[in-house]
Each structure stands twice: as structure tokens, then as C-alpha cells.
1. So, how do all the Cα-to-Cα distances of the chain break down into 5 Å bins, in percent, from 0 on up?
2. Over the chain, average the accessible area per residue using a 1.4 Å probe and give it in Å², no decimals.
3. What do the square roots of 5 times the Cα gyration tensor eigenvalues come to for the stretch 47-144, in whole Å, largest first, as semi-axes of the equivalent ellipsoid?
4. Choose one answer from 40, 22, 144: the residue with the largest mean-square fluctuation in a GNM of the chain with alpha-carbon springs under 10 Å.
5. For residue 147 and residue 94, FRET efficiency with R0 = 30 Å and r from the beta-carbon atoms, rounded to 0.05?
6. Order of 119-127, 90-98 by packing, highest average Cβ count within 10 Å first?
7. So how strong a dipole does the chain carry about its Cα centre when Lys and Arg Cβ are +1 and Asp and Glu Cβ are -1, to the nearest 20 debye?
8. Nearest 5 is fine: what % of DSSP beta bridges in the chain come out antiparallel, could you say?
Amino acid sequence: NSIRTTFHPDSDYASFVGCYKPIANKSEEGKSEITYDFVPQAFTTAYIEAWKDTSKPYYLVIEEINRGNCAQIFGDIFQLLDRGEDGMSSYEIKPDTDLEQYLAKTFDNVNIEDEGIKSGRIMRLPANLYILATMNTSDQSLFPIDSAFKRRWDWKYRPIVKGRDKDG
């Protein structure tokens, strides 16, 4: 129940959330056709899976979060990181039309009580979706993380321990 992604200097909203991309398909006559379909990326995939089964925890793991421009990569999803006592996002956002349509189609046969979320008109992180991120603070960060973004995370320092085995 986890999805991993790694941020780098070229990461952007489309590579984290998703966008329309050309897809090669075979027609019934065997001819190649190009269609444009919304292709979800790590965030959207984790978001959908968490809403499909709210009884299980889902994890979105972002490696090297400080190697990408977080404001550019997260975009309006940044607002969803504030969580209430119930673990749900404190605020909702209205996704762009492409993402809204994709969510509506994907959630069509999913049992979600909140009609705004089911229809894709609004987004709110479910309580069972956990976002974990790593960063190496000794590296010179290409993109400093601003305080508004930092305050939305719980921070835990883990020192580098030489000789630690993979289970340690």
C-alpha cells in the first residue's frame, strides 16, 4: 500500500499529479491510433487508492523532497497538507478540469459518501493517506523549502549511521 517517487530539479506538477499524454492504441482494424488520455502520477494514484479503501493505510513516499521545487510540484495540493483532528484535510481544493474529470470517471463505481469528492469537484486528503518524505540536509539544497511548506510536516531527524544494515 505504498507508492514511491523521487523529486529532482525537473520535477513539476504534471510529473507528480498527472496530465494528458499521447497514448498509442491499436484500433479494431489493427491500425495504430494516437489518443490523449489523462495519465495519473504518484500523488493521484495514492489519492485514488486511499479513497477506494479507507480501512487500510496508504503511503506516498517522496524521496529527496528538497531536490525539487516543492511549490511548483505541489501547486494547489499544498493546501491539502493541513490536517484536522480527524486526519482529513482541513481545507478542500477544486482540481483543474482535467483532474476533476479523471477523478469523476475513476470514482464512478467507488463507494464515497462525500459527493463532492466522488464527483471530482473537490479534493480532500483522506485520513488513511500518509505522505512521508526524505531529505538529506547535508546536501546543498537546490530548492530551499519555505516555512509555509515546512510547517505542514512533522519533522524527525535521523542521523546517518555508518555500517547500518538494511534492517537497522
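The values are calculated or read from the model by the stated rules, or taken from the named source; none is laboratory data. Fair warning: this is a prediction, and the values are worked out from it, not measured in the lab. Cβ sites come from the backbone with ideal geometry, for glycine too, and all protein chains shown count toward neighbours. To get the accessible areas, we keep the full protein, side chains included, count just its heavy atoms, and leave off ligands, DNA and RNA. Shrake-Rupley method; radii C 1.70, N 1.55, O 1.52, S 1.80 Å.
1. All Cα pairs, binned at 5 Å, distribute as 1, 8, 14, 19, 18, 14, 11, 7, 4, 2, 1, 0 percent.
2. About 63 Å² of surface per residue is accessible.
3. After scaling each eigenvalue by five and taking roots: 27, 15, 12 Å.
4. 22
5. Values: r = 26 Å, r/R0 = 0.86.
Calculated value: 0.70.
6. Details: 119-127: 18.9, 90-98: 14.3.
Going from most to least packed, we get 119-127, 90-98.
7. Once rounded to the nearest 20, the dipole reads 640 debye.
8. Numbers: 11 of 21 bridges.
Bridges in the chain that DSSP calls antiparallel: roughly 50 percent.
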